[in-house]
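A short worksheet on the structure shown next.
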Amino acid sequence: MTTKNVNIFAEDMTEEMRTRAIAVSQEAFQTKISKGKTFSTLAGTIRDKFDKDYGIGWNCVVGKAFGSYVTHEMKTYMYFSVEPDVHVLLWRG
């Protein structure tokens, strides 16, 4: 896993989850998406992997411009970027 383009803006996550979030997101961004809504598909992929790995209840938003105010469980929140100008918000509610 390369952390070249990774920027973490805010986080409340264990080191293991943080590393997994970056790896899962980088994998998702490498996926070729030929139709549909790209950011929604990426968010669904990331959310599904976290639901599988850490139990259901995860939420994910991927996009270039969005606002948010979320309530999250402790140690389950991260706002970051793995590609320039595209942000990922991942949390468990």
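For the chain, the longest principal axis of the alpha carbon atoms and the long axis of helix 38-54 meet at an angle near 40°.
Carbon-plus-sulfur accessible fraction, the chain (probe radius 1.4 Å, protein heavy atoms only): 50%. Between Val62, Ile22, Ile8, the Cα set farthest toward the positive side of the dipole of the chain (charges on each charged residue's Cβ, about the Cα centre) is that of Val62. Rolling a 1.4 Å probe over the protein heavy atoms leaves Lys75 with an accessible area of roughly 100 Å².
Nearest 10 degrees, 0 to 90: what angle lies between the long axis of helix 15-30 and the longest principal axis of the chain (Cα atoms)? Tilt relative to the chain: about 10 degrees.
Shown are Phe66, Phe29, whose ranking by accessible area with a 1.4 Å probe and every protein chain present, most to least, is Phe66, Phe29.
Please compute the net charge surrounding Leu90, taking Lys and Arg as +1 and Asp and Glu as -1 over other residues with Cβ under 13 Å from its Cβ.
0
The dipole here belongs to region 1-41: it is taken about the Cα centre, uses +1 on the Cβ of Lys and Arg and -1 on the Cβ of Asp and Glu, and is about 400 debye. Residue-wise HN-Hα couplings along region 67-81, as the Karplus relation 6.51 cos²θ - 1.76 cosθ + 1.60 with θ = phi - 60° gives them from phi, are x, 7, 8, 10, 9, 10, 5, 4, 6, 9, 9, 7, 10, 7, 9 Hz; Gly and Pro carry x.
Stretching Ser40 away from Tyr54 to a fully extended chain increases their span by 3.0 nm, per 0.36 nm per residue minus the current alpha-carbon distance.
Averaged over its residues, the chain has an accessible area of 61 Å² per residue, based on protein heavy atoms and a 1.4 Å probe. In terms of the Cα gyration tensor, with a ≥ b ≥ c the square roots of its eigenvalues, is the chain rounded because a/c is under 1.5, prolate because a/b exceeds b/c, or oblate? Since a/c stays below 1.5, the shape of the chain is classed as rounded.
Taking every DSSP helix (H) stretch of at least 4 residues in the chain, weighting each as -39,500 (n - 2.57) and dividing the sum by the residue count yields a mean residue ellipticity at 222 nm of -12000 deg cm²/dmol. Each Lys and Arg adds +1 at its Cβ and each Asp and Glu adds -1 at its Cβ; summed about the Cα centre, region 29-93 shows a dipole of about 180 debye.
The values are calculated or read from the model by the stated rules, or taken from the named source; none is laboratory data. Everything quoted here is computed from the prediction, not taken from an experiment. Reconstructed Cβ throughout: ideal geometry from the backbone, glycine too, with neighbour counts over all protein chains shown. When the accessible area is computed, the model is the full protein with side chains, heavy atoms only, and any ligands, DNA or RNA have been set aside. Shrake-Rupley method; radii C 1.70, N 1.55, O 1.52, S 1.80 Å.
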